[in-house]
Amino acid sequence: MNILIVGGGGREHAIAVALRKSPKVEKLFCAPGNAGISRIAECFPVKATDLDGIVELAQKLKPDYVFVAPDDPLVMGLVDKLNDAGFRTFGPKADAAILEGSKAFSKALMKKYNIPTAAYETFTDAEKAIAYIKQKNSYPAVIKCDGLALGKGVIIAQNFEEAEAAVKSMMIDQKFGKSGAEVVIEEFMEGTEVTVLAFTDGKSVKPMVSSMDHKRVYDNDEGLNTGGMGTIAPNPLYTDKVAEECMKKIFIPTINAMQAEGRPFKGCLYFGLMLTNMGAKVVEYNCRFGDPETQVVLPLLETDLVDIIEAIYEERLGELDIKWSGKSCACVVMASGGYPEKYETGKEITGLDENGQLPDGSAFVYHAGTKLEDGKYLTAGGRVLGVTATGDTLEAALMTAYIALGDISFDKAHMRSDIGQRALDYIKA
């Protein structure tokens, strides 16, 4: 079987590695890919958002499946275009990907079907949004762009000045383009965040191992929100009791709601959850594998990923028994200095072998923003590498990842030194 992966980050590298393990896979292709992915798949310089270009590439390569990984092409309707051209795919169609593409849509869906989430209002007028914030006078206040914004379209304002500035930057200054034309203003939820990715064929839902992302750029959860500075799995706060509650009140109702709306969701649905003292609530949905959550979840998967893809496409996921290892996994992100704001690229990465890995094999290095030039690995993005290790315990996995991290370097590299610390403190308590 030949599979084309669409995308070029750390998530796509993790997906490629998982697919490569399958005895069913003969060849992997990736567009656009990155330096790490190029060691296990043939890469083509076609952007994930060039829908016609991807369809043309698929027509040339004739893959058995096209795995669409990033949010933008899913929301733009790449799966629909590929299906129309006769290709089997992994990922939701545009009418289902709207769960991530429009926060206003997803909040309205949750309200309609009584799926627990934060109280909210939506606005298309900046003055009305600011007046509402002033009237509510409740802080922190959460202000979100309606559309996609590379994981950066959420501002948690501590006071009126910050909230007003957030609304103006999104709606008037158009910092996030059209994505900020409508905003969602939510009550702030207190609790612990948990991410649960789930396989679904539109009828059945099979949650994966839970994870804990670390969004803030600096230690102790300080600084700006990023796409993720590291992650661990499983999340120790996501107990069997919580999992049961989420399945009953959130996961199954969401899949059923989308089915009832005539928008069956097939692929990977990301549930961003907050464990509050009122129970678990939905922070957000994503219409695809999370990044960097995928880098710690897929290494724990024991069932052949190709078998899962086929079961989802053929809508027989309910028949499949998906197995996971009982181990822990940790991923620490090495980012370019200055990320998530301005940063330089083109820095040489040292400490990697010809495959872009650690010579001793102690940890696996997922490439996110890298390129290969004249046999050298260079930085090519904000998040550059995800140094990942599994272990019998979370402590062992973290120790291995951090030791491995010490062997890799590039100019102005930045990483957090406390990934997984909250989880360790919870386990020890």
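For the stretch 226-282 and the stretch 144-183, what is the separation of their Cα centres, given in Å? Going from one Cα centre to the other spans 25 Å.
Around Val25, under 10 Å between beta carbons, what's the net of Lys plus Arg minus Asp minus Glu among the other residues?
Residues near Val25 contribute +1 overall.
Of (i) 59, 46, 44; (ii) 62, 55, 48; (iii) 59, 44, 39, which is the value of Cα extents along the principal axes in Å derived from the coordinates here? So the structure-derived entry is (i).
Result for the chain in a Gaussian network model with C-alpha springs under 10 Å: among Gly91, Gly318, Gly375, the largest mean-square fluctuation is at Gly375.
When a 1.4 Å probe is rolled over the protein heavy atoms, the share of accessible surface on the chain that falls to carbon and sulfur comes to 48 percent. The listed residues Arg20, Arg288 rank as Arg20, Arg288 when sorted by accessible area, largest first, using a 1.4 Å probe. Here, the stretch 165-263 is characterised by an Rg to Rh ratio of 1.04, where Rg is the alpha-carbon radius of gyration and Rh the Kirkwood radius.
Just name one of Val333, Val297, Ile312: the one whose Cα is farthest towards the positive end of the charge dipole of the stretch 297-337 (beta-carbon charges, Lys/Arg +1, Asp/Glu -1). Going by the Cα projections, it comes out as Val333.
Between the listed residues Cys246, Phe87, Tyr113, the Cα displaced farthest toward the positive end of the dipole of the chain, a dipole computed from Cβ unit charges relative to the Cα centre, is found at Tyr113.
Ranked highest first by the average count of other Cβ atoms within 10 Å around their residues, in what order do 415-422, 54-61 fall?
Ranking the peptides 415-422, 54-61 by packing returns 415-422, 54-61.
Under the convention that each Lys and Arg Cβ holds +1 and each Asp and Glu Cβ holds -1, the size of the dipole of the chain around its Cα centre is about 560 debye. Taking amide H as placed 1.01 Å from N in the peptide plane, Trp324 has its amide H under 5 Å from the amide H of Glu302, each at least 5 places away in sequence or on another chain. Checking every one of the trypsin sites (Lys or Arg not before Pro) in the stretch 73-108 against DSSP loop status and a limit of 16 other Cβ atoms within 10 Å picks out Arg88.
Amide H to amide H, with H built 1.01 Å from N, Val384 comes under 5 Å of Met334, Ala335, Ser336, Gly369, counting only residues 5 or more places away or on other chains. Listed values for the stretch 307-317 are Karplus-derived 3J(HN,Hα) couplings in whole Hz (6.51 cos²θ - 1.76 cosθ + 1.60, θ = phi - 60°), namely 4, 5, 4, 5, 5, 5, 4, 8, 6, 9, 4, and x replaces Gly and Pro. Accessible surface ranking for Glu12, Glu42, Glu354, 1.4 angstrom probe, highest first: Glu354, Glu42, Glu12.
The GluC sites (Glu not before Pro) of the stretch 189-281 that DSSP puts in a loop, and whose beta carbon has at most 16 other beta carbons within 10 Å, are Glu190, Glu261. Distance from the alpha carbon centroid of the stretch 79-137 to that of the stretch 300-315 works out to 27 angstrom. In terms of its Cα atoms, the stretch 286-371 spans 48, 32, 22 Å along the principal axes, sorted from long to short.
Lys and Arg at +1, Asp and Glu at -1: add these up for the other residues within a Cβ distance under 9 Å of Gly91 and post the number.
+3
The string of couplings for the stretch 124-130 from the Karplus curve (6.51, -1.76, 1.60, θ = phi - 60°) is 10, 10, 4, 5, 5, 5, 5 Hz, one whole number per residue in order, with x for Gly and Pro.
The values are calculated or read from the model by the stated rules, or taken from the named source; none is laboratory data. Treat the numbers as computed from the prediction; the structure is a model and nothing was measured. Every residue, glycine among them, receives a Cβ derived from its backbone with ideal geometry; neighbour counts consider all protein chains shown. We work out accessible area using only protein heavy atoms, side chains counted, and drop any ligands, DNA or RNA first. Shrake-Rupley method; radii C 1.70, N 1.55, O 1.52, S 1.80 Å.
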